[in-house]
Amino acid sequence: MALQSYKYEVASQSSCGIGRVLRGSGAQSRIVGGAGALAAAAGAERGGCGTEGGCETADECSVQTGPAMMTYVGGGRGDWITETNYKFVGKGCGNLTVVTPKSYLYLRMACLGIVPCLVLFIFFICYLCRGRGTTTPGPVPPDTDTTSTTAISPVPPGGDTTTTPPNFGDRGECTYWGDPHIQTFDGARPSFYGEGEFWVVKSRTVWIQGRYLSTQYTKGLSATNRIAVGGPFLRGNTIIVGTLESGPILFNGRPILTHFPSIFRLPNGLGRISYTDRGELVDGATHIWDKKIVRMHLPLRVRIEVFRWQNYLDLRIVMPRQPGQDGGCGNFNNDPSDDDTIGIISRIGVRVLPDDCLFQHRVPIRLGPVEKRLIDLCERETRAMAEALCSRLLRPTPWSHDDPLHGACVLDYCYGRNAHALRMATQAGL
């Protein structure tokens, strides 16, 4: 038990002998009665301070006492309590006043000073932690890690069946991965294997386009190479994000986010774009590679995450339904049955028209030997329907084997329901 000592002041008047003092025997004396009693030290003599004559025989009584003492009060368990000595400090009516020792005052003052400092320190640490998520405009020091050059993963996640999309309230999620596989806002799973620029989201407000190009790792089948974001909701501004090997990230044709990690704030409060390694992967098989994730927070509560790999992109779009919406991510009408590849290209066309293209230029569509062979392997009846639809959508040019755009359309029609055309081509020895 911590010890505390006290000093008491006694103001004794002329009639101060109301109480009496018991003599000590080498230890201490104690007050046993009266408001004007006086505590005397051990060994006091008769006639002096603390004698039976009391204050009547002495004008001023003063006795030196020792410090606070410990008195044993427990039987067999070693319990102790603190007893307090008293000291006469002047004549008066004998009132006792507790005076806090200086050491206790110092302790209390120290506590009063330390507690506010501790609170301010905790507040400062919390402020710093929160500030990391709201970096000011401009790049931060570049990352020294080298980017991965691993080839595209040949086996995408999931199966071919329709899945239930995540619940974001009034917003939905559409994901792209691989060569390219898609899960629409309504949970359908269309696929597109031909090259060219295609609508990902087409609406009256939000425009998102994808460029599909073949790679040496996909046997000529396309993968998502770039995306472009624009339309009325960005007030005429355009954002373009490509693979690691396809060049810098662009805003209105100007490179941005040239360091990793970094952040870019759009003009007029339109939103911000960050470039970090933070984000949940679309394709779990890519966890072996260093993450380079572009995250866009845009008007109308549109959030886009682009995962940049060496020669293709993965993509996640979370947004509310927009008026007149359609595209590779579907029409967002809560009905996955009409989000198949044939239904989508029938509604919005085979590819983006030249006047609507958000990219700075269009790429020529190529039709490689594997793609031509896959077209030849397409079931005769299905191929006939594909040729008829593609010819109608691409009028006035009739479909021919030598026209890459028509070939890309037929390829999508024949294999749009097959989420693993690359696997099929590999198994066929192509």
Flag if residue 221 is open to solvent by less than 10 Å² (accessible area, probe 1.4 Å), more than 21 Å from residue 331 (Cα to Cα), among the aliphatic types (A, V, I, L, M) and in contact (Cβ under 8 Å) with a residue 24 or more places away in the chain:
yes
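Conditions tested, residue by residue: (1) in contact (Cβ under 8 Å) with a residue 12 or more places away in the chain; (2) assigned to a helix (DSSP H, G or I).
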site: 358; (1), (2): yes, no
site: 361; (1), (2): no, no
site: 364; (1), (2): yes, no
site: 376; (1), (2): no, yes
site: 390; (1), (2): yes, yes
I'd like the residue in the stretch 190-205 that is at pLDDT 95 or above and farther than 20 Å from residue 360 by Cβ and, out of all such residues, is farthest from the chain's Cα centre (by Cα).
204
Pairs with Cβ under 6 Å, 6+ apart, first in the stretch 202-217 and in contact (Cβ under 8 Å) with a residue 40 or more places away in the chain and under 12 Å from residue 178 (Cα atoms), second part of a strand (DSSP E or B) and of a type in the set (Gly, Ala, Ser):
213/222; 214/222; 215/223
Take the stretch 256-275 and flag every residue that is of a type outside the set (Phe, Trp, Tyr), touching a strand residue (DSSP E or B) at 6+ places or on another chain (Cβ under 7 Å) and open to solvent by 30 Å² or more (accessible area, probe 1.4 Å).
258, 259, 261, 265, 272
Filter result for residue 173 (more than 27 Å from the chain's Cα centre (by Cα), within 29 Å of residue 230 (Cβ to Cβ) and at pLDDT 90 or above)
no
With the structure loaded, tell me whether residue 428 is farther than 30 Å from residue 239 by Cβ and at pLDDT 90 or above or whether it fails that test.
no
Output for the stretch 237-248, where each listed residue is at pLDDT 95 or above and closer than 21 Å to residue 199 by Cβ:
237, 238, 239, 240, 241, 242, 243
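The values are calculated or read from the model by the stated rules, or taken from the named source; none is laboratory data. Keep in mind that what you see is a predicted model, and the values were worked out from it rather than measured. Ideal geometry is used to build each Cβ from the backbone, glycine not excepted, and the neighbour counts take in all protein chains shown. With ligands, DNA and RNA removed, areas are computed over all heavy atoms of the protein, side chains included. Shrake-Rupley method; radii C 1.70, N 1.55, O 1.52, S 1.80 Å.
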